[in-house]
Amino acid sequence: MLDETLLERAAALLARLQARGLTLATAESCTGGLVSAALTAIPGSSATLLAGYVTYSNAAKARMLGVPEAMLEAHGAVSAEVAQAMAEGALRDSGADLAIATTGIAGPGGATATKPVGLVHFACARRGQATRRYHQVFPGDRAAVREASLATAFGLLEEAL
């Protein structure tokens, strides 16, 4: 189901978090829970992963993560601002030390002139630090965009440690 290399990265990431006594939350849109799924495939992940939010709709982003509706209207769900608000909302609601957020257009539809298929915005929030934002346009089909997003989310978390 999940690539063995990504599962190995998930296990290593969880081990690093546990060694530092840190907890994690995820806030996902275009990845639809894939980040949480990879982490929870590892035995003992419940010691580190506190919560996973799959907020596919704008209403869920607003209700569950506190993303301001005005922000969603001004920037759209696929934006750096919304990714940051999602990560910070997950951090606040879960009580975790670290949170990662993903929001993007996995395709094949949903693209606009300024937001192509494959565009994904990420945000990594850590207590006491400035939230880091990143975006990438990934090539390939829906599955490839989602898998690349998972790998990138892990990379951002690894950098945050």
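The values are calculated or read from the model by the stated rules, or taken from the named source; none is laboratory data. Source: prediction; values computed, not measured. FYI the Cβ positions are ideal-geometry reconstructions off the backbone, even for glycines, and counts take in every protein chain you see. Areas reflect the complete protein model, heavy atoms only, side chains present, ligands, DNA and RNA absent. Shrake-Rupley method; radii C 1.70, N 1.55, O 1.52, S 1.80 Å.
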Report task. Counting only residues that are touching a residue at least 24 places away in the same chain (Cβ under 8 Å) and not aliphatic (A, V, I, L, M), give me the helices (runs of 4 or more DSSP H) lying completely in the range 1-80 with at least 2 of them. Result -> 4-19
Query raised in the report: So which of Ala113, Ala143, Ala123, Ala130 is open to solvent by less than 60 Å² (accessible area, probe 1.4 Å) and among the small types (Gly, Ala, Ser)?
Result: Ala123
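Test Gly107 against the stated conditions and say whether it is open to solvent by less than 20 Å² (accessible area, probe 1.4 Å) and more than 15 Å from the chain's Cα centre (by Cα). Lay out the reasoning, then the answer.
On the way: open to solvent by less than 20 Å² (accessible area, probe 1.4 Å): yes; more than 15 Å from the chain's Cα centre (by Cα): yes.
So Gly107 passes the test.
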Query raised in the report: If only one of Ala96, Ala153, Ala74 is in contact with a helix residue (DSSP H, G or I) (Cβ under 9 Å, 6 or more places away or on another chain) and surrounded by 24 or more Cβ atoms within 10 Å (Cβ to Cβ), which one is it?
Result: Ala153
Requested in this report: Starting from residues that are in contact with a Ser or Thr (Cβ under 9 Å, 6 or more places away or on another chain) and more than 19 Å from Thr55 (Cβ to Cβ), keep the ones in the range 16-34 and report whichever is surrounded by the fewest Cβ atoms within 10 Å (Cβ to Cβ).
Outcome: Gln18
Query - Counted residues, the range 112-137 - those being out of contact with any Leu (no Cβ under 8 Å at 6 or more places or on another chain) and among the hydrophobic types (A, V, I, L, M, F, W, C) - result: 6
Query raised in the report: Can you pull out the residues in the range 81-131 that are on the phi > 0 side of the Ramachandran plot and free of Cβ contacts under 8 Å to residues at least 60 places away in the same chain?
Result: Gly107, Gly110, Gly118, Gly128
